[in-house]
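First comes the structure, then the notes that go with it.
The values are calculated or read from the model by the stated rules, or taken from the named source; none is laboratory data. Note that the coordinates shown come from a computational prediction; the quantities given were computed from them, not determined experimentally. Every residue, glycine among them, receives a Cβ derived from its backbone with ideal geometry; neighbour counts consider all protein chains shown.
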Amino acid sequence: MNKAKNIASVLSCVCTLLLYCLGSGLVQAQPSNDERPLLDVSIEIFAMNLPQDALTQQAEDVYPAVRQTEARYLPSFLKLILEESGTWGAVRLLPEPDSGAELQISASIVSSNGTQLELALIARDATGRIWAEKTYTGTAVESVSLNQPLLGTDPFLYLYQSIAYDLAEMASSLSSAQLNEIKSVALLQYAALLAPAVFTPYLSSDENNMISLARLPADNDPFLQRVKQIREHEYVFIDVVDEQYESFFVTIKPVYDLWRRYRREQIASEIDKINREMRQSNDLRRGSYMSLLESYNNFRWARMQDQYLDEISEGFTNEVLPTDITLEDSLYHLSGTLEEQYQEWKSILKELYELDEQSP
Amino acid sequence: MNNLTFINLSLNKLLVVLLAAGLLSACATPEPSRISEEVTYEVVDMSGNWEKDYQLSDDFETEFNLYMFDIQRRLNPQSENINRSTTFGSGAAIGNRESVIGLARFTEEITRMPLLQIEQDRARMRIKREDDFALLCEFFNRQTSVTQTPFGTEECGWNGEQLLFMLYLTDGLRIFYQVTLSPNGQQLNITTTVSSATVSTPLTISNYYRRYDIPESDIDCILTLTRNNVCRRVGN
């Protein structure tokens with residue numbers, strides 16, 4: 001029965017992979033593909049979905065340190081997969097939703113235990129159109145890739161590829177005009193947050209909260225030029241953040257892979273726990289030194305693993321060295337967590353813009 | 001004296017010995033008591049660097065000999081040595097020589113802990129030990145903290161001014177740590193009690209630690225992922 005399930009699971013994964021390849025082909029096969037605008041994608045750090053109290057965490061087999069790591073690791077992987085597909089413009093990973101996102105991806109980790117991964121994901125473009133809203137579930141598949149050791153060896157590769165496939169399919173179903181509208185609305189939404197009075201009139205929304213262009217500002221509109229400039233400056237910071245996330249991903253991957261393998265082995269071993277215990281009692285006399293040592297070492301290993309992941313997470317949190325960004329002959333010194341730095345940077349930009357608005 | 005009477009007498013003796021041992025251990029090295037749910041006092045600050053005081057700490061060999069002697073005296077008063085057939089309890093074949101020696105050897109190994117580094121704030125304590133996992137206790141709102149792994153459970157909490165750690169591991173292995181700070185704050189006691197499912201008497205080892213200071217450095221370092229340790233000069 002289990003074997004049949006496994007075969008079905010592998011077949012399903014292979015089909016998904018084929019569909020993905022086919023899907024990418026479909027997007028690329030469009031004759032006007034080269035001229036089609038590529039949307040930028042903003043991925044927000046995944047929601048941890050961490051139960052508040054320790055007892056529930058245990059009941060649900062959730063390790064806070066690991067979950068905290070996953071909240072950054074999993075979107076980093078998705079980002080790499082989307083970049084690999086060549087279907088998108090810039091793919092950015094941010095500590096919070098991007099106010100000017102063309103396509104925003106948010107997800108919550110429903111469950112993750114090394115064997116199963118479940119992500120509740122929503123992808124929405126700037127106009128409010130939903131691209132994907134579903135729970136993606138994947139079963140770990142051990143794989144080895146000689147070509148892409150970083151991406152190809154992830155046991156949940158197929159899950160990410162099915163997300164990428166769904167998004168690529170949606171992108172291919174939209175016309176260039178629709179994609180251009182998304183880009184314009186995204187820019188104007190960003191602008192409206194900086195200067196609502198100036199830019200809100202350019203947008204209109206219907207009863208379903210779908211946003212569309214009411215009219216367009218002139219290309220040489222000085223305000224719009226300024227907004228574009230500010231947005232570029234924001235990207236400067238996001239790129240700094242991005243580098244840190246990428247570095248985090250590369251550093252954490254071996255540890256996290258090890259952790260997941262360990263968890264998979266744990267779960268597999270629980271099934272024949274009684275048999276193992278019986279075998280153990282044959283191998284090691286119950287209560288003997290070796291048996292006690294094995295019992296302690298198993299626990300020690302599990303705790304040290306947890307604590308190492310804790311340290312790694314702490315290391316990431318400490319990755320908040322002050323960032324210096326030069327903007328128009330001024331040097332800005334940002335400090336705090338990445339999230340705080342991002343907020344600070346946005347408020348600096350907003351303040352600068354407001355000053356400009358007031359200036360004659 | 002028939003066999004039944006002998007067993008009854010032996011049981012009575014055992015109870016008396018256990019009671020006496022219980023009273024003694026309550027005075028000297030109290031058994032870990034139940035972690036209290038309601039704690040109304042301030043949390044004792046045990047933070048700092050600690051090194052083992054070998055003069056005050058139990059000498060393992062002495063304790064082990066006493067332990068063996070005690071077991072032998074209580075359970076096989078007529079036998080000179082504990083041998084493989086020695087059994088504890090009323091007929092249950094538990095506590096053979098291999099188990100007792102195994103428990104002792106294991107206890108010696110986990111109670112070495114020559115250096116400790118304790119980090120603490122109002123809600124959390126981490127006792128770092130060399131070559132071992134850190135004992136970690138989160139006592140926010142003074143609640144008992146429980147950590148579960150597939151290989152066992154770690155429970156901790158305050159009992160009066162003592163911090164208790166209880167490890168419930170597979171194979172019936174139980175380890176209790178009682179951490180107590182002296183009133184002047186210069187001495188730390190860690191009493192470790194180890195028991196297993198196959199030995200009826202737990203083994204308790206008491207270790208003392210004294211504070212030591214790491215020379216102050218004007219360099220402050222933090223761990224980061226991409227740049228490992230990032231250090232900066234503090235003060236001037």
Checklist entry - Residues in segment B:101-112: is at least one in contact with a Phe, Trp or Tyr (Cβ under 9 Å, 6 or more places away or on another chain), more than 22 Å from B:S57 (Cα to Cα) and of a type in the set (D, E, K, R)? => result no
Next on the checklist: Of the residues A:E207, A:E169, A:E232, A:E246, only one is among the acidic types (D, E) and assigned to a loop (DSSP other than H, G, I, E, B); which?
Outcome noted: A:E207
Next on the checklist: Is it the case, given these coordinates, that B:I214 is away from chain A (no Cβ under 14 Å) and in contact with a Gly (Cβ under 8 Å, 6 or more places away or on another chain)?
Outcome noted: no
Next on the checklist: When you scan segment A:82-97, do you find a residue that is without any contact (Cβ under 8 Å) to a residue 24 or more places away in the chain and surrounded by fewer than 21 Cβ atoms within 10 Å (Cβ to Cβ), even just one?
Outcome noted: yes
Next on the checklist: For a quick check of your reading of the model, give me the residue pairs whose first member lies in segment A:243-254 and is more than 7 Å from chain B (Cβ to nearest Cβ) and under 10 Å from A:S76 (Cβ atoms), whose second is part of a helix (DSSP H, G or I) and among the charged types (D, E, K, R), with beta-carbon atoms closer than 7 Å and at least 6 apart or on different chains.
Outcome noted: A:Y245/A:R72
Item to check | Output for segment A:167-191, where each listed residue is of a type in the set (D, E, K, R) and either surrounded by 20 or more Cβ atoms within 10 Å (Cβ to Cβ) or within 14 Å of A:A126 (Cβ to Cβ) (or both) | outcome: A:E181, A:K183
Item to check | The one condition in (1) within 26 Å of A:P64 (Cα to Cα); (2) in contact (Cβ under 8 Å) with a residue 24 or more places away in the chain; (3) within 11 Å of another protein chain (Cβ to nearest Cβ) that B:W158 fails to fulfil | outcome: (3)
Next on the checklist: Quick test for you: out of A:E102, A:E133, pick the one residue that is surrounded by fewer than 16 Cβ atoms within 10 Å (Cβ to Cβ) and at pLDDT 95 or above.
Outcome noted: A:E133
Next on the checklist: For segment B:108-147, give me each residue that is more than 16 Å from B:N189 (Cα to Cα), in contact with a helix residue (DSSP H, G or I) (Cβ under 8 Å, 6 or more places away or on another chain), modelled with pLDDT of 90 or more and more than 8 Å from chain A (Cβ to nearest Cβ).
Outcome noted: B:E108
Next on the checklist: Given (1) touching a helix residue (DSSP H, G or I) at 6+ places or on another chain (Cβ under 8 Å); (2) part of a helix (DSSP H, G or I); (3) under 30 Å from B:Q148 (Cβ atoms), identify the lone condition not met by A:I109.
Outcome noted: (2)
Next on the checklist: Just to verify a result, which residue in segment A:43-81, among those that are of a type in the set (S, T, N, Q) and either closer than 19 Å to A:T251 by Cβ or touching a residue at least 24 places away in the same chain (Cβ under 8 Å) (or both), is nearest to the other protein chains (Cβ to nearest Cβ)?
Outcome noted: A:T69
Next on the checklist: Residues that are farther than 23 Å from B:R210 by Cβ: list the strands (runs of 3 or more DSSP E) wholly contained in segment B:108-152 that include at least 1 such residues.
Outcome noted: B:124-129, B:135-138, B:145-149
Next on the checklist: Among the residues of segment B:142-154, what is the count of those that are touching a residue at least 12 places away in the same chain (Cβ under 8 Å) and within 15 Å of B:A123 (Cα to Cα)?
Outcome noted: 4
